[in-house]
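Visitor: Have a look at this one.
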């Protein structure tokens, strides 16, 4: 599981709190899901861990 703040730190290079990080990262996750998921409305690969971050599931289970 990758926290929102960790994703922002890696992708954009700066520190932020979890609440702000969640808002910053959501559009990027949306675009990734549009490109990677067979059905972006029912994600299998990029899973949300509510209030924490995202979990990557390479096998889509």
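Visitor: How far apart, in nm, are the 7 Å Cα→Cβ label points at residue 9 and residue 55?
Guide: Each label point lies 7 Å from its Cα, and together they span 2.1 nm.
Visitor: Also: If I fit a long axis through the Cα atoms of helix 18-36 and take the longest principal axis of the Cα atoms of the chain, what angle between them do I get, 0 to 90°, rounded to 10?
Guide: For helix 18-36, the angle is close to 30 degrees.
Visitor: With contacts defined as alpha carbon pairs under 8 Å and 6 or more residues apart, what's the relative contact order of the chain in percent?
Guide: 34
Visitor: Can you list, largest first and rounded to whole Å, the semi-axes you get for the chain by taking the square root of 5 times each eigenvalue of its Cα gyration tensor?
Guide: So the equivalent ellipsoid measures 21, 11, 10 Å along its semi-axes.
No lab work stands behind these numbers, since they all come straight from the coordinates. Since we're looking at a predicted model, the values are computed, not measured. Cβ sites come from the backbone with ideal geometry, for glycine too, and all protein chains shown count toward neighbours.
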